[in-house]
Amino acid sequence: MEEALHERCCHSDGASKLNDAAVADLLEFLRIDVELEPAASADREQTSCSKNVTRKQRNWERRLEVKRRKRKEEKQRKKLNRLNKDVNELQLSKRVIKAVTKERLEEARAAGLRLCVDLSMTDRLTDKEISRLAGQIRRLYGSNKKSLQPFHVFLTEFREDSLLYKECVRMNDGFLNYLIDVTEESWFHLFPSEDVIYLTPDASEALEYVEEDKVYILGGLVDETIQKKISFTRAKEFGIRMARLPIDEYMVKKPNPKNFHSKILAINQVFEILLTFRDTKDWTKALAAGIPPGKGYMLASAASTDVTNSQEEL
């Protein structure tokens, strides 16, 4: 009996010890789990927070990049619009200017003051002088295009098989489209002789006015030509009225080291003088506009001013 009780007690005690150990292990496990759970939760919260921050950062960077790209595109669009506007205005301006110029030249051809370049004497010119004459014709036409009151320009005795014609085509862009009258005929057969005034530096009569009903003839010679009185002789042969620019009346010789003075002008220089006088009715302005300083002449009014200033200095 005692042995059975003791055995039971021992068994009960062993079981109790076993149960205590199991309970202790369970509590330890539960304690550990309880302690670890808040740390894991914190880690998860921290990780979640970090992901949110990263996501927001990326979203913000994307929005910022989109804004930057839009601003850049807007700047480029505005710049392109400005460029297109400038180009359109420039093109429009060129078209308008071209149309107005063409209209003026066409009106001049219909009822403008007539000026003729006599090209009957080119056989007296060297090849170099012919090339220079072609350049002068280009400049003459350029001045006429810019004028508010252009002349009706003629090129007479101008043959297509001539060297001058070839040089004009070669040197002058758009020469074949010039709004001028080109003919192989002589001016003498085109205009009544009483309407013609041949401009030559050798004439005794000074030109006082530019008359609307007259035809002004310029000899197609260059200022390098040494031969004297060529245009004078030609006009005299036809019994045509001649006149010279009033250089002696409004200008004086000015001192220069070479003592060089010349009244022989290129055709484009004479033409510039006629254009300016027609606009201003002032020979001093016209001569100053067309006669280069290298010709050795200066306005008499300017010379008087220089003398007065010199006397005052003394």
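The values are calculated or read from the model by the stated rules, or taken from the named source; none is laboratory data. All values derive from a computational prediction rather than experimental measurement. Cβ sites come from the backbone with ideal geometry, for glycine too, and all protein chains shown count toward neighbours. The protein model used for the area step is the full one, side chains on, heavy atoms only, and it has no ligands, DNA or RNA in it. Shrake-Rupley method; radii C 1.70, N 1.55, O 1.52, S 1.80 Å.
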Could we say that Glu106 is open to solvent by 100 Å² or more (accessible area, probe 1.4 Å), within 15 Å of Asn177 (Cα to Cα) and either at pLDDT 90 or above or assigned to a loop (DSSP other than H, G, I, E, B) (or both) here?
no
Condition check for Leu155: under 19 Å from Ala110 (Cα atoms), outside any helix (DSSP H, G or I) and modelled with pLDDT of 95 or more:
yes
Reported set for region 262-289 where residues are within 17 Å of Leu140 (Cβ to Cβ) and not in a helix (DSSP H, G or I) is Ile264, Leu265, Ala266
Answer yes if at least one residue in region 132-146 is touching a strand residue (DSSP E or B) at 6+ places or on another chain (Cβ under 9 Å), surrounded by fewer than 21 Cβ atoms within 10 Å (Cβ to Cβ) and either closer than 16 Å to Leu199 by Cβ or of a type in the set (Ser, Thr, Tyr) (or both), and no otherwise.
no
Neighbours by Cβ (under 7 Å, 6+ apart or cross-chain): first from region 163-192, of a type in the set (Val, Ile, Thr); second assigned to a helix (DSSP H, G or I):
Val169/Phe175; Val169/Leu176; Ile180/Tyr141
Being surrounded by fewer than 20 Cβ atoms within 10 Å (Cβ to Cβ) and within 24 Å of Tyr209 (Cβ to Cβ) narrows it down to one residue among Lys258, Lys281, Lys229; which is it?
Lys281
Could you please find all residues in region 112-127 being touching a residue at least 40 places away in the same chain (Cβ under 8 Å) and part of a helix (DSSP H, G or I)?
Thr122, Arg124
